[in-house]
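J.: Here it is, the structure, as structure tokens.
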Amino acid sequence: MVFGVIIGTGTGGGIAIKQQVITGVNAIAGEWGHNPMPWKDDTEGPVQCYCGKQDCIETFLSGPGMLKRFIARGG
Ligand SMILES: [Zn+2]
């Protein structure tokens, strides 16, 4: 089994088992970027994602997300 993790302008992934890509019911198996960020610091309030949800992992773990959180803030 392989779980591919992609972090770039977004956050995503995919699953392959026995050299076959697993697509899942909605053809998004392995996509984890739009699940809620676990253990988020609630003191900063909700973070809006372009998908319409709040606190998606992608808003933190992506190039733009890391730029906004760590570089633009000065560390
Ligand atoms: Zn999202």
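Quick note: the coordinates plus some simple rules give every number you see, no bench work behind them. Quick caveat, the model's predicted, so the values are computed rather than measured. Don't worry about glycine lacking a Cβ; one is built from the backbone with ideal geometry, like all the others, and counts go over all protein chains shown.
J.: What lysines does K40 reach when the alpha-carbon gap must be under 21 Å and sequence neighbours fewer than 8 apart in one chain are set aside?
T.: Excluding near neighbours in sequence, the set is K53, K68.
J.: Using only the alpha carbons of region 34-75, determine the length spanned along each of the three principal axes and report them from longest to shortest in whole angstroms.
T.: Computed over region 34-75, the largest-to-smallest principal extents equal 26, 21, 14 Å.
J.: Provide the packing ranking of 21-28, 60-67, i.e. peptides ordered by the mean count of other C-beta atoms within 10 Å per residue, highest first.
T.: Top to bottom by mean Cβ count within 10 Å: 60-67, 21-28.
J.: Please give the direction-averaged projected area of the C-alpha convex hull for the chain, in square nanometres with one decimal.
T.: 6.0
J.: If you build a Gaussian network model of the chain, linking Cα atoms that sit under 10 Å apart, which residue out of E31, E44, E58 swings the most?
T.: Greatest mean-square fluctuation among the candidates belongs to E44.
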